[in-house]
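Okay, structure first, notes after.
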Amino acid sequence: MNNNIIKIFGITFGKRCYWTHHILSLKNLISPRLNIIEMLAHTSWGSKTYVLLTIYKSLIISKLNYGSFI
């Protein structure tokens, strides 16, 4: 592991307090979850809007909001 990066309570800090490492790790974590929502939102499945919103809130917004107060 790179010594310039430290992860505390799930938030990745770089050496110079840039957010690039944290944003990239969030992007890599959320990308497969967005693929799940895209698959469920396809017209052949016919899922409802409120179901997609519930899945979005539980899978994606929860990860984005964690640590946002910093």
Quiz prompt | Equivalent ellipsoid dimensions for the chain as semi-axes, Å, which come from the Cα gyration tensor, largest first | solution = 31, 12, 7
Self-check item: Carbon + sulfur, % of accessible area of the chain - ligands and nucleic acids excluded, 1.4 Å
Solution: 64
Practice problem: For Lys15, list the lysines whose Cα falls under 25 Å from its own Cα; do not include residues on the same chain fewer than 8 positions away. | Solution: Lys7, Lys27, Lys63
Quiz prompt | Hz values of 3J(HN,Hα) by residue in segment 59-67 - Karplus curve (6.51, -1.76, 1.60), Gly and Pro given as x | solution = 8, 10, 4, 4, 6, 6, 6, 5, x
Self-check item: Leading residue at positive end of dipole, the chain (Cβ point charges), from Ser31, Ile8, Tyr66
Solution: Ile8
Exercise. Compute the accessible area per residue over the chain, keeping the other protein chains in place, probe 1.4 Å, unit Å².
Key: 83
Practice problem: Would you mind counting up the charge near Ile23? Only other residues with Cβ under 14 Å from its Cβ, with Lys and Arg at +1 and Asp and Glu at -1. | Solution: +3
Exercise. Quickly estimate the mean residue ellipticity at 222 nm for the chain, helices only: each DSSP H run with n ≥ 4 gives -39500 (n - 2.57), and the total goes over all residues, rounded to 500.
Key: -14500 deg cm²/dmol
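Which of the chymotrypsin sites (Phe, Trp or Tyr not before Pro) found in segment 1-32 are in a DSSP loop and have at most 16 neighbouring Cβ atoms, other than their own, within 10 Å?
Phe9, Tyr18, Trp19
The values are calculated or read from the model by the stated rules, or taken from the named source; none is laboratory data. Every value quoted in this text rests on a predicted model; they were computed, and no experiment measured them. Using ideal geometry, Cβ is built from the backbone for each residue, glycine included, and neighbour counts are taken over all protein chains shown. To get the accessible areas, we keep the full protein, side chains included, count just its heavy atoms, and leave off ligands, DNA and RNA. Shrake-Rupley method; radii C 1.70, N 1.55, O 1.52, S 1.80 Å.
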